[in-house]
Amino acid sequence: MIKFIERHPLWAFVVLIAVAAALWLVFATWPPALEDTFGRKKVFLSAVFNGITLGGLYFLVASGFTLIFGLMRNVNLAHGSLYLFGGYIGYAVSVATGSWMLSFVAAFVVVALVGVAMQILVFRRIEGQDLRQTMVTIGLSIVFADLMLWAFGGDFYQIQTPSALVGPIELPFVTAVKSSGEAVYLQYPMVRLVIFAASVVIGIAMWLGLNRTRIGMIVRAGVDDRDILAAMGVRIQLVFVLVFALGAGLAGIAGVVGATFQSISPGEDIRFLLASLVVVIIGGMGSIPGAALGALIVGLAEQLGSVYIPTYAIVVTFLIMVLVLAIRPQGLLAGR
């Protein structure tokens, strides 16, 4: 941070002003003139928290994608299908057992096994062939989409929220002040906050695993020079299978999350594949903090855009991506 300020004092000043303005919008009581322009503060805060929690969902999908694509250099354009399949598995398990937590376990295990099969049967045979990987995984995504449409139909499915997490929780953010002087605080769904907190924990655990453990060192070394690592006796192919399984399993968990506070249906696989690509491009390939930052930016851009400029909400995300590519092509927090 200090080096950034020393090298780019003007940009640091702009960021500081932007952060100060954002904090004022969140914590201060809005004057009537501001509410006349932007609407009620409650709508703004709800959009902000919706964007943050949606960013948590995008992070869960994109973190698995950045493991497979950014670190292992495997172009897996069927990653969105893994997300949708995990959502369907979670829904089926939750309906059959009535357990929300068990749906996460089942989705992770089943989708991770699918990822193992993909790595062994597909990616191991075409390592380093980006074009073939792209074409094969596009074909796989089409096949997976048709199979899921045949098995689950075209309906919308939503996993029931556990009773302990149903309902809103009061947050310490003032949305308005009554004539009596009493403050009105923001009410927000508890399940979204719990899921976001879980995504933060998962992100920290992934970063520590990749940067502070021997396994993470082996994964990063295997990407750079797998021949030397194999000569040292490391079973690099087994390591890559496990990493691919972890990335696929995270997509399955994200599917359960998406089916809990949104819904799942045919077409969600393409939507979340595109979101993962945008997040990874903005944040930087192979970077877990980059995936987190990119997911937060995309989530906020989508939700604030849908509230204030609904006609152009989709365009905003891609404008941000184009801007990042123009200024910093490797991504905001590229790993290398």
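The values are calculated or read from the model by the stated rules, or taken from the named source; none is laboratory data. Remember, predicted model here, so these are calculated numbers, not experimental data. In this analysis, Cβ positions are derived from the backbone assuming ideal geometry, glycine residues included, and neighbour counts consider all displayed protein chains. These accessible areas exclude ligands, DNA and RNA; they are computed on the full protein's heavy atoms, side chains included. Shrake-Rupley method; radii C 1.70, N 1.55, O 1.52, S 1.80 Å.
A few comments on the model shown:
- Leading residue by the ranking (modelled with the lowest pLDDT) among those in the stretch 68-87 that are under 18 Å from the mean Cα position of the chain (by Cα) and surrounded by fewer than 24 Cβ atoms within 10 Å (Cβ to Cβ): 71
- Number of positions in the stretch 319-333 that are modelled with pLDDT under 90 and closer than 10 Å to residue 282 by Cβ: 4
- Elements of type helices (runs of 4 or more DSSP H) in the stretch 184-301, at least 2 residues being farther than 30 Å from residue 145 by Cα, at pLDDT 90 or above and not hydroxyl-bearing (Ser, Thr, Tyr): 190-211
- Qualifying positions in the stretch 254-291 - within 12 Å of the chain's Cα centre (by Cα) and among the aromatic types (Phe, Trp, Tyr): 272
- Residues of the stretch 150-169 classified as in a helix (DSSP H, G or I) and surrounded by 13 or more Cβ atoms within 10 Å (Cβ to Cβ), total: 2
- Counted residues, the stretch 20-38 - those being exposed (fewer than 10 other Cβ atoms within 10 Å of the Cβ) and not small (Gly, Ala, Ser): 4
- Check on residue 132, touching a helix residue (DSSP H, G or I) at 6+ places or on another chain (Cβ under 6 Å) and open to solvent by 70 Å² or more (accessible area, probe 1.4 Å): yes
- Residue check for residue 138: open to solvent by less than 30 Å² (accessible area, probe 1.4 Å), of a type in the set (A, V, I, L, M) and out of contact with any Asp or Glu (no Cβ under 7 Å at 6 or more places or on another chain): no
- Condition check for residue 44: assigned to a helix (DSSP H, G or I), among the hydrophobic types (A, V, I, L, M, F, W, C) and either surrounded by fewer than 24 Cβ atoms within 10 Å (Cβ to Cβ) or touching a Pro at 6+ places or on another chain (Cβ under 8 Å) (or both): yes
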